[in-house]
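Notes for the one structure printed next.
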Amino acid sequence: MSDDPILSDADALAPDAEILVVEASGDVLAALPADRLDRWLAGAVERLEEAPLLSRSRLKSLIQQGNVSDGATTITDPSAAVKLGAQYRITLPPPEDAEPEGQDLPLTVLFEDADLIVIDKPAGMTVHPAPGSPRDTLVNALISHCGDSLSGIGGVRRPGIVHRIDKDTSGLLVVAKTDRAHAALAARFAAHDIDRAYRAVCFGHPVPPAGTIDAPVGRHPKDRKRMAVVSEAKGRYAVTHYRSLERPDGAALLECRLETGRTHQIRVHLSHIGHPLIGDPVYGRGHGGRVSRIPAGAREAVRHFPRQALHAAVLGFDHPVTGEPLSFESPLPEDLITLLRALRGA
């Protein structure tokens, strides 16, 4: 799950990003002040042959965005001291893609008026273009469907996008078609004034069967592509309310309601309490033994489920212009229905 207001989201590392490696050797340390990493890197990069010119302010931004590591951990503090012998890796994201083109892709539209559009997104569709993936996204489909009517607040690559769900999560999204609607919806998301419920199939049976997970979520300290439960000082307030709808042997169908909407929140929270989503390739690591507790007849369905078993099933909010209460529900997609049938022994 990932439905923070989109401007607070960090892009994943692109495969065509440029990487600079700077070694903190004794000679370089002696020649440059080493009390602040951003200042030291600015001077050290200047010494590299054919390296791009990177200002201290640019390096400070790269560090804060998680694009600098010492080979072992990601560094996010520009004022960190330089460590002798460390090999600092600076990742330079590629230039942003050009303005995305419209593509005539299938869309399931549940509601549309002059201000907004509500989409039921299939699993496998990315919400917006990213470096290296400029096509076949929801944004490409929306540009074709809506023409020039999408809100421009989200920027060139994210027109109209107020929140998002992960590529392999299915379900409901609202997209703004006017700047006024975009601003009002973003304010509601920021105030947690949106009704959002997900269906999730996890390993095991959470105890208690209904409860609240209150744990800050932030970037993983060693892997910037992942999120993790972290300290309050390093993460953002995150609360997930869950209740068990079904409890077949070895797994559970949960309803998860979000009080906040942090990146990958449900996936991180459920993994944190020892009940990762079936099919989650990132947050299901270290839980391989869970499959052995699934009844034999369902193990193959579980092993080969191709995505995290998560579906954005309910989305409710007041219309940002008219004030009319709107509520939408999306039925479980066929792949989740098939998975549940196998778990029930049907």
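The values are calculated or read from the model by the stated rules, or taken from the named source; none is laboratory data. The shown structure was predicted, so the numbers you read here are calculated from the model rather than taken from an experiment. Note that we place each Cβ from the backbone using ideal geometry, even for glycine, and neighbour counts take in every protein chain shown. Only protein heavy atoms, including side chains, enter the accessible area calculation; ligands, DNA and RNA are left aside. Shrake-Rupley method; radii C 1.70, N 1.55, O 1.52, S 1.80 Å.
Protection proxy ranking of 166-172, 133-139, 291-297, by the mean of other Cβ atoms within 10 Å over each peptide's residues and highest first, is 166-172, 133-139, 291-297. Could you give me D for the range 185-227, from Stokes-Einstein at 37 °C and 0.692 mPa s, where the hydrodynamic radius is the Kirkwood radius over C-alpha pairs? Units µm² s⁻¹, please. The estimated diffusion coefficient comes to 235 µm²/s. Where Rh is the Kirkwood radius over the Cα pairs of the range 58-210, the temperature 10 °C and the viscosity 1.306 mPa s, what D in µm²/s does Stokes-Einstein return? Stokes-Einstein gives a translational diffusion coefficient of 87 µm²/s.
For the chain, the per residue solvent-accessible surface stands at 45 Å², with DNA, RNA and ligands left out and a 1.4 Å probe. Against the compact-protein benchmark of 2.2 N^0.38 Å, the Cα-based radius of gyration of the chain scales to 1.09.
What you get for the chain, charging only the Cβ of Lys and Arg (+1) and of Asp and Glu (-1), is a dipole of about 1320 debye around the Cα centre. Kindly identify the range 251-320 as rounded, prolate or oblate by the Cα gyration tensor criterion: order the square roots of the eigenvalues as a ≥ b ≥ c, call it rounded if a/c is under 1.5, otherwise compare a/b with b/c, prolate if a/b is larger, else oblate. The shape class here is prolate.
Lysine pair count for the chain with Cα-Cα distance under 20 Å and sequence separation of 8 or more or different chains is 10. Based on the Stokes-Einstein relation at 4 °C and a viscosity of 1.567 mPa s, and on the Kirkwood radius from alpha carbon pairs, the range 212-278 is assigned a translational diffusion coefficient of 105 µm²/s.
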